[in-house]
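What follows is one structure encoded as C-alpha cells, with my remarks underneath.
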Amino acid sequence: METQEVMVKRRAGTANVTAAAAIAGICAILGYISYFWSIGFGATLIYPATGVQFVAGIWFGAWGAFGGWLGSLIGNAAAGTPIFPVYMAYGWANLITGLLPAILVRYVIKADISLKKARDYALIIGVCIIPTVLIEGAYGNLALYAIGYVAPELLWPWTLVWWLGDWAACLIFGLPLLKVASKAMMRSRAYTVGLLS
C-alpha cells in the first residue's frame, strides 16, 4: 500500500458523508435486485452489493462500511425483508463486509489496492476477501438460525450459498473496481487513510 502511506491524513467531512450516501444508494439498488434470485433471507446466488461494500470499506473506511450497511438495509426492506428482527439480526454481516477489509488493508497487509502485482491480488483475495466472507457469512446465517429463520438442516447449505455468492461478488465486481478506480478514489476527498478520515 505504498501509495496510501504518502497521503496526508484528512479530517472527516461532507465528502465522507456524500460517499457513504452514494454507497448506500448503490447497495440499496443492488440489494433489491439480487433478491430476485434469492433462496431465502440472506442467501442469494450472487449478491453484487457485497463487492461494492468490500471496495467501499477499502476506499472510504468506516464511512463506506456504514453506507454499504445502510444501503443493504434499504434494499432488503424494499424487497420485503422484515427489518425487525430479520435484518437487525443478520444485517450486521453487511457492516463486517466493509469494515473488516478496511481494517485489514490499513493495519495488517501491505498491498497496493490498485492491484499492480500478482502479490497484491494474492493478499487482497487471501487476506481480505476469503476471511471476510467466511466471517460475515457464518455470522449472518448463525444469526438467522438464532432467531428461527433458518432451519437446522438448512444452516450449512444456506451458509455455503452465502459464501459462494459473496465470494463471486467480490471477485466479479470488487476486484475489477479496485483495479480500475482505486487511483481516482485515492485522489478524492472522500478517501480515508484511517478508518474515519
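Odds and ends about this structure:
- Lysine pairs meeting the criterion (Cα under 17 Å, 8 or more apart or interchain), as found in the chain: 7
- Highest-fluctuation residue, S182, S72, S38 considered, GNM on the chain with Cα pairs under 10 Å: S38
- In degrees, nearest ten, helix 130-146 long axis to first principal axis of the chain (Cα): 30 degrees
- When each of the peptides 167-176, 145-154, 104-113 is scored by the mean number of other C-beta atoms lying within 10 Å of its residues, the order from highest to lowest reads 167-176, 104-113, 145-154.
- Residue-normalised convex hull volume from the C-alpha trace of the chain: 98 Å³ per residue.
- Compared with the dominant principal axis of the Cα atoms in the chain, helix 48-78 is inclined by about 30°.
- Tilt relative to the chain, helix 92-107 - C-alpha long axis, 0 to 90 degrees, to 10: 20 degrees
- Proxy reagent accessibility, fewest Cβ within 10 Å first, across M185, M88: M88, M185
- For the peptides 127-135, 57-65, residues were scored by their other Cβ atoms within 10 Å and the scores averaged per peptide; the highest-first order is 57-65, 127-135.
All of the numbers you see were taken from the coordinates with simple rules; none came from a lab. Quantities reported herein were computed from a predicted structural model and do not represent experimental measurements. A quick note on method: Cβ atoms are made from the backbone with ideal geometry, for glycine too, and the neighbour counts reach across all protein chains shown.
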